[in-house]
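The values are calculated or read from the model by the stated rules, or taken from the named source; none is laboratory data. Note that this is a predicted model, so its numbers are computed, not measured. FYI the Cβ positions are ideal-geometry reconstructions off the backbone, even for glycines, and counts take in every protein chain you see.
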Amino acid sequence: MPVLSANLGFPRMGANRELKRQVEAYWSGKVDVSALLKTAHELRKNHWILQKNVLGLDIVPSNDFSFYDHVLDNAFTVGAIPKRYRDVFIKANDDLLPSALEGDLLSTYFAMARGFQQLSSEGSELPVIDLEAMEMKKWFDTNYHYIVPEFDSTQQFKLTSNKFLEEYKQAKSLGIETRPVLIGPVSFLLLGKASPNSPAGFEPIQLLDRLLPVYEEIIKHLAEAGACSIQLDEPCLVLDLDPKMAQSYNVAYSCLSVAAKKSSAEPIKIHLTTYFGDITPNLSFVLPHLPIDSLHIDLVREPQQFETILSAAAKHPTIQLSIGIINGRNIWKSDLCAAFDKVKKAVEVLGADRVIIAPSCSLLHTPHSLDAETELNPEIKDWLSFSVEKIKEIVLLTKAANNGIDCIKDELEANQRSIQARRTSPKTHNPAVQERLGSITHDMMHRRSTFDKRWEKQQEVFKLPRFPTTTIGSFPQTSEVRKARAAFKRGDISQEKYNEFINEEIKKCIQLQEKNDLDVLVHGEFERTDMVEFFGEHLEGYTFTKNGWVQSYGSRCVKPPIIFGDVYRPKPITVEVAKYTQSLTKKPVKGMLTVTMLQWSFVRDDQHNKLTTQQLALAIRDEVSDLEAAGINVIQIDEPALREGLPLRHSKWQEYLNWAVDCFLLASCSVADTKQIHTHMCYSDFYDIIDAIIRMDADVITIENSRSNLKFLRGDSFTYPNEIGPGIYDIHSPRIPLHEEMEHRLEEMLKRLKRNSVWVNPDCGLKTRKWNEVDLALKNMTDVAKKFRSKS
Ligand code: GLN
Ligand code: ZN
């Protein structure tokens, strides 16, 4: 058998984000379910045909499609649907037969993802049905977010959705054999959480024995339908795992291997996939014990594991090794010569029939294809490779492995020319920026006084009430805002007209905030498609794609800018808008900046992220100084992705946190004591990096918490020395937060935080909401703050 080429997952949204559009149209009632299903059907079909027939990939995944999130799909498949959602949508609970995601199941699915609220027809304030969305969390160190499965100690699992089978069959009917993907049972449980009323000591992994029969059933169904192999993703194998987990993996895969063997005359093969890191510390969990047929490892992220795993695999003649040598997380063209060396080595040690060539992880994290990028600078475009191009690279390498390197001679030459051009291009190196990096001193990284002193001075300047209210920055990005921006970008409206339009939106935004009595106002970020893209567009060293979207959560996609060279700020970015906004109101307006630029960009792979971040920090520092000089007294520097950059293994945390926090300090510390620096963070766990957050020394931190249930307060000894605004309502859901629930949240927080240091604000920016929702929600929110002021 020759070396095979494989993919582990393809971006779902479609070349033009067709899925996003259709899902959103369905949510807003513009199209019905059959239209939604039809789009899904078409997209899957196109993606399979593209991968298999057009690009010539040997192993094509199925069940990598999702209407919202594949972890939620997995929860659905095994029936991990919390009772509160079942009760509303699914009547004959026990008779639920596995079916495709349609009808009530689809409603339940979206309710779990987004929350669901049904207002009473009599117009009373209390809704008749009111379900919050489930918790959402960042997928490892990516900017993809998954819905956290929730498990009860009495949890029963039952095959509930047969999406995996339907999709396999759909591909088969097109003549395409696919490898269905599911999250492996151990990672699935480890990624989940115990439901709130679970008894102490309960951990989801204790449910493994109950879960496995459903996986056995899945394997059986797939085998009966003719599937040759199944991909089980176990990314948790790259984490620091309790040694006891070895036993769980063993139990799980022994059981599944038996199921696979007896599934049909030709046993279905189990392909175990790991990605985003090094599995060698947990290698004993996998080899020699697990009865699997193939193992995938990420050699881009962790090339050092190659030797160890290769020699371990060599001892197990039945195991195939899938080498992830094409970066699934970044957009640079691969150096095919270097990649081919790895292929050669694997083939030498294992033999061609035991080697599979694959991307490092699912291509979910890279954009669809370069085809649409007609406006990129051709020199830079030649350095890039998106999902489609990455699959081409995989197919080329496979061809070379099977027929000799000469058969890809021309492609290889072209590839080496691009690699060389990027390495030596003056576009990537700017001596002035590099020189400035050398002049960073420790003094640039602390404020002039300690927080207590600053606090006193700031009290005098701002005279804010207790429980001051604010928002995180963005206000509704309506279709008019998007249309105006698009028209401006196309050149259909002048800069002047566009500015006028934006200024009108800002006015509306200020009026709404004043009407609802907010204390520290924002301009609404209407000029920004996406906060990171906006800043990148104004910095040198960055470039942008027209269509390089990647899924962030649900239907939301982001278009990460590409940092290709040394970064600097040629001129002020936000100063004019901040000044204009401040001229509209007597209340303080926050200047809004972002440092998360690194994590939410496609970064250089030719220098350490620390250097790139220092360059970004200096650019932001310049902006902070200019805002200060322009009379802006409150400046927020968003840092939502601090945790995203954390290495997956604890041993490497400190080193990262040291330089990341230093960069925040470098960006923020130039200002006078009377200026208030805010920062904002969201959608991840913070309790275990709280020391680093404290070291950032922002005067105020606003922090998402309503969707992750006060988790940042975990640990009894939590104290936060500066001011803090834990979000008191979820902004992802169209439901209007009620007084009682916000009061309850605030009450809970006050048990743990100093009363005079608490701010009242939503979880995150309001850009995905509608104006009327924002109006009602902020009214309720400021009511709550006022009530608390009068209470004590
Ligand atoms: N200021 C940004 C906004 O309000 C923050 C977004 C974020 O944290 N993701 O949209
Ligand atoms: Zn946020």
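A few points about this structure:
- I472 being within 16 Å of ligand 2 (Cβ to nearest atom), modelled with pLDDT of 95 or more and closer than 30 Å to T613 by Cα: yes
- Just one of the listed residues (E628, E655, E644) is assigned to a helix (DSSP H, G or I), modelled with pLDDT under 95 and of a type outside the set (A, V, I, L, M, F, W, C), namely E644.
- Test: Q614 is within 30 Å of D517 (Cβ to Cβ) and outside any loop (DSSP other than H, G, I, E, B): no
- Among the residues here, G536 does not qualify as touching a helix residue (DSSP H, G or I) at 6+ places or on another chain (Cβ under 8 Å) and either surrounded by 21 or more Cβ atoms within 10 Å (Cβ to Cβ) or among the basic types (K, R) (or both).
- Failed condition for D242, given (1) surrounded by fewer than 19 Cβ atoms within 10 Å (Cβ to Cβ); (2) under 26 Å from D141 (Cβ atoms); (3) in contact (Cβ under 8 Å) with a residue 12 or more places away in the chain: (3)
- Residue in the stretch 682-699 that is outside any strand (DSSP E or B), charged (D, E, K, R) and within 16 Å of ligand 1 (Cβ to nearest atom) present: yes
- Sole residue being surrounded by fewer than 18 Cβ atoms within 10 Å (Cβ to Cβ), among the hydrophobic types (A, V, I, L, M, F, W, C) and out of contact with any Pro (no Cβ under 7 Å at 6 or more places or on another chain), chosen from A259, A223, A265: A265
Results for (1) outside any helix (DSSP H, G or I); (2) out of contact with any Phe, Trp or Tyr (no Cβ under 8 Å at 6 or more places or on another chain); (3) closer than 21 Å to R466 by Cβ; (4) more than 16 Å from ligand 2 (Cβ to nearest atom), shown as yes or no for each residue.
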{"site": "I728", "(1), (2), (3), (4)": "yes, yes, yes, no"}
{"site": "I731", "(1), (2), (3), (4)": "yes, yes, no, no"}
{"site": "R735", "(1), (2), (3), (4)": "yes, no, no, yes"}
{"site": "H744", "(1), (2), (3), (4)": "no, yes, yes, yes"}
{"site": "E747", "(1), (2), (3), (4)": "no, yes, yes, yes"}
{"site": "R752", "(1), (2), (3), (4)": "yes, no, yes, yes"}
{"site": "K767", "(1), (2), (3), (4)": "yes, no, no, no"}
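- Residue check, A252 closer than 27 Å to S334 by Cβ and modelled with pLDDT of 95 or more: no
- Test for A672: is it more than 16 Å from ligand 2 (Cβ to nearest atom), part of a helix (DSSP H, G or I) and in contact (Cβ under 8 Å) with a residue 12 or more places away in the chain: no
- No other residue among V589, V577 is touching a residue at least 60 places away in the same chain (Cβ under 8 Å), surrounded by 17 or more Cβ atoms within 10 Å (Cβ to Cβ) and in contact with a strand residue (DSSP E or B) (Cβ under 7 Å, 6 or more places away or on another chain) apart from V589.
- Scan of the stretch 198-228 for residues that are part of a loop (DSSP other than H, G, I, E, B) and farther than 27 Å from G175 by Cβ, ordered by number: S198, P199, A200, G201, F202, E203
- Residue within the stretch 384-393 that is surrounded by fewer than 21 Cβ atoms within 10 Å (Cβ to Cβ), in contact (Cβ under 8 Å) with a residue 24 or more places away in the chain and outside any helix (DSSP H, G or I) present: no
- Flag if F535 is among the aromatic types (F, W, Y), over 17 Å from K767 (Cβ atoms) and modelled with pLDDT under 95: no
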